[in-house]
Amino acid sequence: MTVNELKNKLDEIGVSQELYSIMIGGLPNERLCIVKEEMWQVYYSERGQKVGQKVFETEEEACEYFYGKMKRYSTI
């Protein structure tokens with residue numbers, strides 16, 4: 001899965017865009033983030049800190065992990 005496919009899947013299951021940040025970077029307040037820096041990173045941004053950061057070699061691995069974390073917020 002790519003980040004574009006991830007975004008579409010999250011929209012399909014009704015996850016609020018206020019809960020996550022895709023490829024924006026930085027530390028948006030209280031959101032699960034996925035970014036590509038040197039490696040793919042997934043982390044929760046909380047009070048200016050990266051909490052629970054996981055690093056992945058591939059976009060697919062990072063997106064699958066991110067989607068798994070966000071599925072619990074589905075409204076459908």
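Values quoted throughout were computed directly from the atomic coordinates according to the rules given, and no laboratory measurement underlies them. Worth saying up front: this structure is predicted, and the values here are computed from it rather than measured. FYI the Cβ positions are ideal-geometry reconstructions off the backbone, even for glycines, and counts take in every protein chain you see.
With contacts defined as alpha carbon pairs under 8 Å and 6 or more residues apart, what's the relative contact order of the chain in percent? Walk me through the intermediate numbers first.
Details: 123 pairs, mean separation 24.4, N = 76.
Relative contact order here is 32 percent.
Would you please state which residues of the stretch 52-76 a label at Glu46 would reach in this model, taking the label point 7 Å out along Cα→Cβ and a backbone N cut-off of under 19 Å?
Only 52-55, 66-73 fall inside the zone, counting backbone N under 19 Å.
If we restrict to alpha carbons, what Rg and Dmax does the chain come to, in Å?
Spelled out, the Cα radius of gyration and Dmax of the chain are 11.4, 35 Å.
Could you calculate the contour length gain from Glu57 to Glu37, that is, 0.36 nm times the residue separation minus the distance between their Cα atoms, to one decimal place in nm? Working shown, then result.
Numbers: separation 20, 0.36 × 20 = 7.20 nm, distance 1.08 nm.
The Glu57-Glu37 span can extend by a further 6.1 nm.
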